[in-house]
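> First, the structure itself, so that you have it in front of you.
Readers should treat all values here as calculations from the given coordinates under stated rules, not as data from a laboratory. Every value quoted in this text rests on a predicted model; they were computed, and no experiment measured them. With ideal geometry, Cβ positions are generated from the backbone for all residues, glycine too; neighbour counts draw on all protein chains shown.
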Amino acid sequence: MVKKIAILTSGGDAPGMNACTRACIRAGLAEGKDMYVIYDGFRGLVEGDIKQVNKDFTQDIINRGGTIIRSARLPEFKEPAVLEKAAQQLNDFEIDALIGIGGDGTFRGLGDLSKHGIKVVGIPATIDNDVGSTDETIGFSTALNTICDCVDKLKDTSGSHQRCSLIEVMGRHCGDLAMFAALAEGAEGVICVEHPLHEDVLFRKLRKMKAQNKSHAIIIVSENLLDIKELAKKIEEKTGFDTRTEVLGRLQRGGSPVAHDRILAARLADKAVTLLVKGEVAHGKIVGVKNNQIVDFEIQEALAMKHEHTHGLRDLIDKLQ
Ligand code: ATP
């Protein structure tokens, strides 16, 4: 039977990680379990930066952005000796279960750890929404709202000067933030893996808008795809639209989580703790939400699931442009 449960946050931070940490701790305490936090993700685990916590620890963190137990990246976590050390630390503290809050990379680390006899559960939290085993990740809604807030502001100034704005958003290699933001903002264009750039189509559209004296054009571009400064130059040459670029960057990671992310965090945390308490984790599981139902999968099954969240949106975005 699981008696001591530890929690860590890992990978890129996401708004709602604190709400999730809080919900895990409170759900565990409510079941009479001893609850621990591990600072700095897998790095803190290997170094033994582990602390037992009570309810006081969770006060006033539900609305805080970032992660108060901090996050880190530790590429060496794949190495057998490092994993061995991590498992040993948990054994030394007599911790029998670990909840990891993060993305696919975090889940791979948890999977490796489960081979050392630790029961693990992964909770998806990343602004990129790039996890195949869940429809949504903690932090995505907040980041999307932040992007929309920024684009609304850029629209004001873009419109005042009859400009085209190229706005780069995060997502790693996933277009969800770009596609959802484009739909929510009624953007004139979106460029991401799921909606690639067709220069001729874009330039034709912008030339037409210019001819019709449209006040501004907003194009949302996913990171890691192209040089937006180069594209801006081309747009100016080919369409005559005065064009500016904005990289929203890490602004997208910060801020107080929206209510949706806090609620998602509570539901997923409760599921993770319940699976452990009820003895339903033989080695490792990942929790998620599918069609608004909280679900769970074996880790390897979850990692093999393909991410296809934006497919239904492509036609709708084009239709409404
Ligand atoms: P995000 O995508 O939001 O950054 P993530 O969890 O995918 O979240 P990663 O940096 O990919 O972020 O992974 C977090 C940590 O998980 C890594 O720093 C590393 O310690 C561990 N990790 C990643 N991949 C593996 C792997 N294949 N095996 C063991 N550990 C891994």
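> When L90 is evaluated against the numbered criteria (1) assigned to a helix (DSSP H, G or I); (2) away from the ligand (no atom under 16 Å from the Cβ); (3) crowded, with 23+ Cβ neighbours inside 10 Å; (4) over 20 Å from the mean Cα position of the chain (by Cα), which criterion, by number, is the only one it fails?
(2)
> Also, I was wondering about something else. Show me the helices (runs of 4 or more DSSP H) entirely contained within the range 193-302 in which 1 or more residues are among the hydroxyl-bearing types (S, T, Y) and buried (at least 20 other Cβ atoms within 10 Å of the Cβ).
Values: elements: 199-211, 228-239, 259-277.
Hits in the range 193-302: 228-239.
> Output the residues belonging to the range 12-60 that are assigned to a loop (DSSP other than H, G, I, E, B), without any contact (Cβ under 8 Å) to a residue 60 or more places away in the chain and away from the ligand (no atom under 13 Å from the Cβ). Don't jump to the end; show me each part of the working.
The first filter runs over the range 12-60 and keeps only residues assigned to a loop (DSSP other than H, G, I, E, B), leaving 12-16, 31-33, 39-40, 48-49, 54, 59-60.
Next, only the ones that are without any contact (Cβ under 8 Å) to a residue 60 or more places away in the chain stay: 32, 39-40, 48-49, 54, 59-60.
Selection gives G32, Y39, G48, D49, N54, Q59, D60.
> Which one of the conditions (1) among the charged types (D, E, K, R); (2) outside any strand (DSSP E or B); (3) away from the ligand (no atom under 11 Å from the Cβ) does R108 fail to meet, given that it meets all the rest?
(3)
> Among the residues of the range 35-69, which ones are surrounded by 19 or more Cβ atoms within 10 Å (Cβ to Cβ) and basic (K, R)?
R43
> Identify all residues within the range 111-131 that are more than 13 Å from the ligand (Cβ to nearest atom) and outside any strand (DSSP E or B); write none if there are none. Outline the logic, then answer.
First, pick out the residues of the range 111-131 that are more than 13 Å from the ligand (Cβ to nearest atom): 117-119, 121.
The answer is G117, I118.
> Between residues in the range 84-105 that are farther than 28 Å from G288 by Cβ and residues that are within 15 Å of the ligand (Cβ to nearest atom), which pairs lie under 8 Å by C-beta distance while being six or more apart or on different chains?
Listed pairs, sorted by first residue: E84/H116; K85/V46.
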